[in-house]
Amino acid sequence: MTSEHAPTSETHVPAWHPVWVALLGSLWLASVGNYALWQQVHQLPEVSGLRGLAFALGFGVIITSALTAVLSFLNWRGWLKPVLSVFFLSAASGAYFMVSYGIVIDSTMITNVVQTDTKEALDLLNWRMLISLLVLGILPCWVLWKTPIHCATWSIP
């Protein structure tokens, strides 16, 4: 048996189509990454019962669809993994601050973040934030980077 036909100890993991990666990443971002949003939606009195469930499902579909559309434009030239990683880490940090401090992230809050000095930033770091970033941001990034993805190409029939 030649070396090119010799069995290997590694298992071959099939590459995923980038649309599936974009869809699954969007589902993660729309659900877990937006945990603070779903907490607030759940508190609204208008979203109780079957009508509320229909609203929540429709709202989730809209968020997931919008994210999938944005990520689908990045399915080529190796942009999907880096951009999705930034989205995961941003969502994780945003979710932590919104849930922990009850804040809303808007343009004023982004301005405050940019103007924060090192001492203020270090005061915000704690174990809860680290665990939140690990579970909500770094873990999905690790799974993403371990997943082989087909390189999408443009072809004209």
Check your understanding: Which condition number does Leu84 fail, the rest of (1) surrounded by 15 or more Cβ atoms within 10 Å (Cβ to Cβ); (2) over 16 Å from the mean Cα position of the chain (by Cα); (3) aliphatic (A, V, I, L, M) being met?
Key -> (2)
Check your understanding: Among all residue pairs at least 6 apart or on different chains, which show Cβ distances below 7 Å where the first residue, located in segment 52-78, is over 16 Å from Ser26 (Cα atoms) and the second is part of a loop (DSSP other than H, G, I, E, B) and of a type outside the set (Asp, Glu)?
Key -> Trp76/Ala152; Trp76/Thr153
Point to revise | In segment 90-126, residue farthest from the chain's Cα centre (by Cα) [restricted to those that are among the aromatic types (Phe, Trp, Tyr) and closer than 13 Å to Tyr35 by Cβ] | key: Phe97
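Of the residues Leu24, Leu67, only one is touching a Leu at 6+ places or on another chain (Cβ under 8 Å) and buried (at least 17 other Cβ atoms within 10 Å of the Cβ); which?
Leu67
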Check your understanding: In this structure, is Ser31 under 25 Å from Leu134 (Cβ atoms) and either surrounded by fewer than 16 Cβ atoms within 10 Å (Cβ to Cβ) or over 11 Å from the mean Cα position of the chain (by Cα) (or both)?
Key -> yes
Review point. Using beta carbons and a limit of 9 Å, which pairs, at least six apart or on different chains, have the first residue in segment 20-40 and closer than 15 Å to Leu71 by Cα and the second one assigned to a loop (DSSP other than H, G, I, E, B) and among the β-branched types (Val, Ile, Thr)?
Key: Val21/Thr147
Review point. For segment 1-28, how many residues meet the condition of being over 18 Å from the mean Cα position of the chain (by Cα), at pLDDT 55 or above and either of a type in the set (S, T, N, Q) or part of a helix (DSSP H, G or I) (or both)?
Key: 1
Revision key, fill the gap. Taking segment 87-103 and keeping only residues that are out of contact with any helix residue (DSSP H, G or I) (no Cβ under 7 Å at 6 or more places or on another chain) and either in a loop (DSSP other than H, G, I, E, B) or loosely packed, with under 13 Cβ neighbours inside 10 Å (or both), one is left with Tyr101, Gly102
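So which of Leu136, Leu130 is touching a residue at least 12 places away in the same chain (Cβ under 8 Å) and either assigned to a helix (DSSP H, G or I) or not aromatic (Phe, Trp, Tyr) (or both)?
Only one candidate passes the filter, namely Leu136.
Could you tell me whether segment 99-116 includes any residue that is touching a Leu at 6+ places or on another chain (Cβ under 7 Å) and small (Gly, Ala, Ser)?
no
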Exercise for review: Please find, among Phe73, Phe59, the residue that is surrounded by fewer than 17 Cβ atoms within 10 Å (Cβ to Cβ), of a type in the set (Phe, Trp, Tyr) and either farther than 23 Å from Cys141 by Cα or modelled with pLDDT of 85 or more (or both).
Suggested key: Phe59
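The values are calculated or read from the model by the stated rules, or taken from the named source; none is laboratory data. If you're wondering where the values come from, they're calculated on a predicted model, not measured in any experiment. Glycine also receives a Cβ, built like all others from the backbone with ideal geometry; neighbour counts cover every protein chain displayed.
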